[in-house]
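Just so it is clear, none of the values below were taken in a lab; they were calculated from the coordinates. Predicted model, so just to flag it, every value in this text is computed and none were measured. Cβ placement follows ideal geometry from the backbone for every residue including glycine, while neighbour counts extend to all protein chains displayed.
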Amino acid sequence: MPLPEPLTALLGSPWPWPLLQAGALLLAWALDRRFGEPPDRWHPVAWLGRLLGPVGRFWRDRAPAPAFAGGALSWLLIAAALAGAAWALQRWILALPGPVALVLLALALKPLFACRMLCDEVAAVEAALAQSLEAGRARLAWLVSRDVTRLDAGEVRESAIETLAENLNDSVVAPLAWFALAGLPGAVLYRFANTADAMWGYRGRWEWAGKWAAHADDLLSWPTARLTALLLRPAWRPREWSRLAREAACTPSPNGGWPMGAMALRLDVRLRKPGVYALHAAGRSPEAADLDRALRLARSAARICTGVLAGGLGGGALITLTRLAGGPL
């Protein structure tokens, strides 16, 4: 039985951009839940890491002024090249028939966020702790750069929950939000900025070469860190928002304290980085059940974020299709 003519035309022609965005978000999410991350040899972020390493080391040990200028110029050139390539790829995809464009756009988006991997890695810390404290410390060392050798079980869980909360923004909410706002170039630019900050944005030898990268990541993460905090612990009343803001201000980062503070308050646990900050200091030390609950909260927040973004884009797609059909809005 032949398909109706309007459906045949829809399947064989380009789709409105909001419809493609909404569909790509949902399909990319499904791909992440089913398959996780592609192997490193096929992963664009791994390729990016191999590029950023030698470029950063080239500027790292120079005098402050040339290190800052070189780091900033390198960041800008790489960002422009990546955003331009993403724009060209997106433009090519948009000209394809709708179903083909949807699949290709989802495949391009998927490596730019990593919800399943994040949750799996944090869950692995608790599984290792169930074997021994040493195993838990060793597994945590995969996720954090701090010294883990003297942490007790509660402190291992604190660090794991902090990592989960902070990276829920960096690895999930922010790239998806920037994709919804600015398409594939927006998601690519954010993933580049976050990766560059992770590799260059350190104190000490990296102070000047990574300064631009650190501040660029702070700027791009500013709105989404607060969105992530609201997803983890809704704080619509001024008193609740003020409490969350006070907790966030305890950390030196302008953004990381928001999702971490929200998670600490939601779980009623203490989250600390020894000698640096203590979030919800009056809270108790987290137990195994708290880490499990943190994972459920993170997954739920990620699903809500994806659903809201896709729903908003879907509404825009409906308006576009109605206009194209000449019907009433």
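In table form, for the structure just shown:
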{"quantity": "Within the chain: Cβ-based charge dipole about Cα centre, in debye rounded to nearest 20 (Lys, Arg +1; Asp, Glu -1)", "calculated": "340"}
{"quantity": "Degrees separating the helix 64-94 axis from the principal Cα axis of the chain, which is the longest one", "calculated": "30"}
{"quantity": "At most 13 other Cβ within 10 Å, DSSP loop - chymotrypsin sites (Phe, Trp or Tyr not before Pro), segment 231-299", "calculated": "Trp236"}
{"quantity": "Volume in Å³ per residue [convex hull over Cα atoms, computed for segment 34-162]", "calculated": "149"}
{"quantity": "Centre separation in Å (Cα based) which lies between segment 227-248 and segment 79-134", "calculated": "28"}
{"quantity": "Computed label-point distance, nm, for sites Ala138 and Ser242 using a 7 Å Cα→Cβ extension", "calculated": "4.9"}
{"quantity": "Gyration tensor (alpha-carbon) shape descriptor, segment 15-325, a/c threshold 1.5", "calculated": "oblate"}
{"quantity": "Highest to lowest packing among 259-270, 196-207, 140-151, 222-233, scored as the average C-beta count within 10 Å", "calculated": "259-270, 222-233, 196-207, 140-151"}
